[in-house]
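For reference, the structure discussed in these notes is given below.
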Amino acid sequence: MGRFPSSVLFCCDHNAVRSPMAEALMKKFYGQRAYVQSAGVHNDMEIDGFAVAVCDELGMELSRHRSRSFEEMQEWGDDLGQFDLIIALSPASQRMALELTRFFHLDVEYWPILDPTGLGETREAKLAAYRQARDMIRDRMIARFGPPTEG
């Protein structure tokens, strides 16, 4: 378990499933201890309905999340150098984060989290895959940052 960062950016491919779930979990578990955001390599998808559903099961509201890319973050004035830690949840987002932060002194971690999109034939099977991804993020987060300090 490493030191607790003051700011964390979660990233994945589209900022529509894994990174929004991670952002919501971090905020739920650790409250205001850290500034938390998420981004994607691309911004070509809206928040995924199955991600909204499995987060709702834990009392986390994702339906108002608006996907954004690394490029949009920079356009809106968010400097990646302001983050202590970037956690990449996909190989493409890890490559992008390392490329964009090569001149900054910050940590980039890679958490290999299952991409649940496209898995499962039935609604229940799809929900099970999304729960698995959510729970992988939760378990990794608790291992990295310690037990939740909030509800």
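The values are calculated or read from the model by the stated rules, or taken from the named source; none is laboratory data. All values reported here derive from a predicted model rather than from experimental measurement. No Cβ is skipped: glycine too gets one built from the backbone with ideal geometry, and neighbour counts run over all protein chains shown. We work out accessible area using only protein heavy atoms, side chains counted, and drop any ligands, DNA or RNA first. Shrake-Rupley method; radii C 1.70, N 1.55, O 1.52, S 1.80 Å.
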Pairs of alpha-carbon atoms within less than 8 angstrom and 6+ residues apart define the contacts here; what relative contact order does the chain have, in percent?
29
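Could you please state how large a percent of the accessible area of the chain is carbon and sulfur, counting protein chains only and using a 1.4 Å probe?
Working: 3730 of 7480 Å².
Roughly 50 percent, rounded to a whole number.
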Based on the Kirkwood radius over alpha-carbon pairs, what is the Stokes-Einstein translational diffusion coefficient of the range 1-148 at 25 °C with 0.890 mPa s viscosity, in µm²/s?
161
Which order do the peptides 100-106, 46-52 take when ranked by the mean count of other beta-carbon atoms within 10 Å per residue, highest first?
46-52, 100-106
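For Glu61 and Ala143, compute 0.36 nm times the residue count separating them, minus their Cα-Cα distance, and round to one decimal in nm.
Details: separation 82, 0.36 × 82 = 29.52 nm, distance 2.34 nm.
Result for the pair: 27.2 nm of gain on full extension.
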Residue span Leu114 to Trp76: 0.36 nm per residue of separation minus Cα-Cα distance leaves a gain in nm of 10.7 nm
Just order 4-10, 83-89 by mean Cβ neighbour count inside 10 Å, highest at the front, would you?
83-89, 4-10
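Could you rank the peptides 142-148, 91-97 by their average count of other C-beta atoms within 10 Å per residue, with the highest value first? Let's see the in-between values first.
Values: 142-148: 13.7, 91-97: 19.6.
Descending mean neighbour count gives 91-97, 142-148.
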